[in-house]
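Chemist: My structure is below; once you've seen it, I'll send some questions.
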Amino acid sequence: MSILSWIDNQRKLKLLNAPKYNNTGSDTSQGLWTRCDHCGVILYIKHLKENQRVCFGCGYHLQMSSTERIESLIDTNTWRPFDETVSPCDPLEFRDQKAYTERLKEAQERTGLQDAVQTGTGLLDGIPVALGVMDFNFMGGSMGSVVGEKITRLIEYATQEGLPVILVCASGGARMQEGILSLMQMAKISAALHVHQNCAKLLYIAVLTSPTTGGVTASFAMLGDLIFAEPKALIGFAGRRVIEQTLQEQLPDDFQTAEYLLHHGLLDLIVPRSFLKQALSETITLYKEAPLKIQGRVPYGERGAITKLREEQVRRLTKSPTKGQYQEFITEFKHLLGVLSNETTEFDPEMFNKALDLACGSNTRLDWLNDKADKCHIRPVFQ
Ligand SMILES: [Zn+2]
């Protein structure tokens, strides 16, 4: 056997062995034991899960699935997921060693998710928040069009409902199988965040976990009003080797770690996992009370129509047999709209928004609506 063919054989063997090794290493749902990626200590999975996947030996934060993350951040029984059925397609009919559709199917079966992010609303220590959690186990947490769309919808919902947004990032970057369609998600999410942060003046916190790289770092991960990270998380844009080869320079050992970035001013806080929920709830509370906080408003063009649920609530009220007790509320709406007085006229969300803007004055639309709804004992949208 020539040396070349021996090397080739070795390479093939390595490739064959690689997925098996990864499965036992990263898919910790199977088996009882796992190994710490950092110090190599053998860990009992049941205890590890109870400890939020933090190594007992060295305190290293192992990867967490999106569901575990949601369980650790959101109060029990308050999670309300969004867009669970939005699933990716294959517009470019991309094929490398495997077809993209096959890769998708495999990842969906393994993780039980449609794509690499879970979004929704829930209570965090009793505070309503909009939360998006990326899942690294789904094709490396790569950002395809579904991830981008779900995050954008979450942000837009939060903007309209006046909720703070928290995005937990864990991603290898944009998804190459969707080409330009995945790259455009960066601009789309950033645009939605601009309205959320700068027009509506609402809070967005990015939580960076290991690893956060590529297009995700280049867009929403670095746009947080506050950027939190987990200890020793790998955060960067291009990989270490690429930078070293381009610059022809040796990089420091702790380059692209959370600690290095905090030292150089890219992050605001490094929070250990066990304190993350507390840190988030305290920050949001503090931010609400901030004396210089100006209330913003969502501009017309960017604002969607009033949510279907609220529209339906108003519509039912006007037809409800017990509408007597809500008379004040209804009269006010009728007065504002002029359209509801005639029951045959269709409900016009645009008129409704314009009327609300007049009525809101300096308050946000949401506060005004919730105030009215509270007075009439209608449950607010967020339960
Ligand atoms: Zn360890």
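Chemist: For the list (1) over 22 Å from Gln63 (Cα atoms); (2) within 11 Å of the chain's Cα centre (by Cα), I need the number of the one condition that Asp96 fails.
Modeler: Here Asp96 clears every test but (2).
Chemist: Across segment 156-169, which residue is surrounded by the most Cβ atoms within 10 Å (Cβ to Cβ) among those that are aliphatic (A, V, I, L, M) and modelled with pLDDT under 95? Can you show your working first?
Modeler: Of all residues in segment 156-169, those aliphatic (A, V, I, L, M) come to 158, 163, 165-168.
Subsequent filtering for residues that are modelled with pLDDT under 95 retains 158, 163.
On the way: Ala158: 26, Leu163: 23.
Step by step, filter segment 156-169, then rank; the result is Ala158.
Chemist: Scan Arg69, Arg110, Arg53 and give me the residue that is of a type in the set (Lys, Arg), touching a residue at least 60 places away in the same chain (Cβ under 8 Å) and not assigned by TED's automatic domain parsing to the domain that holds Gly224.
Modeler: From the options Arg69, Arg110, Arg53, the qualifying one is Arg53.
Chemist: Another question about this same structure. Being closer than 30 Å to Arg241 by Cβ and of a type outside the set (Asp, Glu) is true for just one of Ala158, Ala187. Which residue is that?
Modeler: Ala187
Chemist: Identify all residues within segment 123-160 that are under 20 Å from Glu71 (Cα atoms) and in a loop (DSSP other than H, G, I, E, B); write none if there are none.
Modeler: Asp125, Gly126, Asp135, Phe136, Asn137, Phe138
Chemist: In the list Phe255, Phe228, Phe333, which residue meets the criterion of being modelled with pLDDT of 95 or more and either closer than 29 Å to Lys188 by Cα or surrounded by 13 or more Cβ atoms within 10 Å (Cβ to Cβ) (or both)?
Modeler: Values: Phe255 fails: modelled with pLDDT of 95 or more; Phe333 fails: modelled with pLDDT of 95 or more.
Only one candidate qualifies: Phe228.
Chemist: Could you pull out the residue among Leu193, Leu123, Leu202, Leu183 that is of a type in the set (A, V, I, L, M, F, W, C), within 24 Å of Glu289 (Cβ to Cβ), surrounded by fewer than 24 Cβ atoms within 10 Å (Cβ to Cβ) and touching a strand residue (DSSP E or B) at 6+ places or on another chain (Cβ under 8 Å)?
Modeler: So the residue among Leu193, Leu123, Leu202, Leu183 that is of a type in the set (A, V, I, L, M, F, W, C), within 24 Å of Glu289 (Cβ to Cβ), surrounded by fewer than 24 Cβ atoms within 10 Å (Cβ to Cβ) and touching a strand residue (DSSP E or B) at 6+ places or on another chain (Cβ under 8 Å) is Leu123.
Chemist: Something else now. Going through segment 56-74 one residue at a time, which ones are within 16 Å of the ligand (Cβ to nearest atom) and part of a loop (DSSP other than H, G, I, E, B)?
Modeler: Once the filter is applied, which keeps residues that are within 16 Å of the ligand (Cβ to nearest atom) and part of a loop (DSSP other than H, G, I, E, B), segment 56-74 yields Phe56, Gly57, Cys58, Gly59, Tyr60, Leu62, Gln63, Met64.
Chemist: Scanning for something of a type in the set (Val, Ile, Thr) and closer than 23 Å to Glu161 by Cβ, does segment 101-118 turn up at least one residue? Reasoning before the result, please.
Modeler: First, the residues of segment 101-118 that are of a type in the set (Val, Ile, Thr): 101, 111, 117.
With the extra rule that they be closer than 23 Å to Glu161 by Cβ, the set shrinks to 117.
Looking for residues that are of a type in the set (Val, Ile, Thr) and closer than 23 Å to Glu161 by Cβ, one finds at least one in segment 101-118, hence yes.
Chemist: How many residues does segment 88-116 contain that are closer than 19 Å to Phe136 by Cβ and either surrounded by fewer than 17 Cβ atoms within 10 Å (Cβ to Cβ) or touching a strand residue (DSSP E or B) at 6+ places or on another chain (Cβ under 9 Å) (or both)?
Modeler: Number of matching residues: 7.
Chemist: If you don't mind, there's one more thing I want to ask. Just a yes or no: is a residue in segment 176-183 in a loop (DSSP other than H, G, I, E, B), closer than 20 Å to Gln108 by Cβ and charged (D, E, K, R)?
Modeler: No: zero hits.
Chemist: Within the group Ser190, Ser210, which residue is under 24 Å from Leu262 (Cα atoms), among the small types (Gly, Ala, Ser) and out of contact with any Ser or Thr (no Cβ under 8 Å at 6 or more places or on another chain)?
Modeler: The conditions single out Ser210.
Chemist: Evaluate segment 211-227: report whether one residue or more is in the same structural domain as Thr283 (by TED's automatic domain parsing), in contact with a Lys or Arg (Cβ under 7 Å, 6 or more places away or on another chain) and not aliphatic (A, V, I, L, M).
Modeler: no
Chemist: Sticking with this structure for a sec: If I ask for residues that are surrounded by 14 or more Cβ atoms within 10 Å (Cβ to Cβ), in a loop (DSSP other than H, G, I, E, B) and near the ligand (Cβ under 10 Å from one of its atoms), which ones from segment 36-55 would you list?
Modeler: Cys36, Asp37, His38, Cys55
The values are calculated or read from the model by the stated rules, or taken from the named source; none is laboratory data. Note that the structure is predicted; figures quoted are calculated from it, not measured. In this analysis, Cβ positions are derived from the backbone assuming ideal geometry, glycine residues included, and neighbour counts consider all displayed protein chains.
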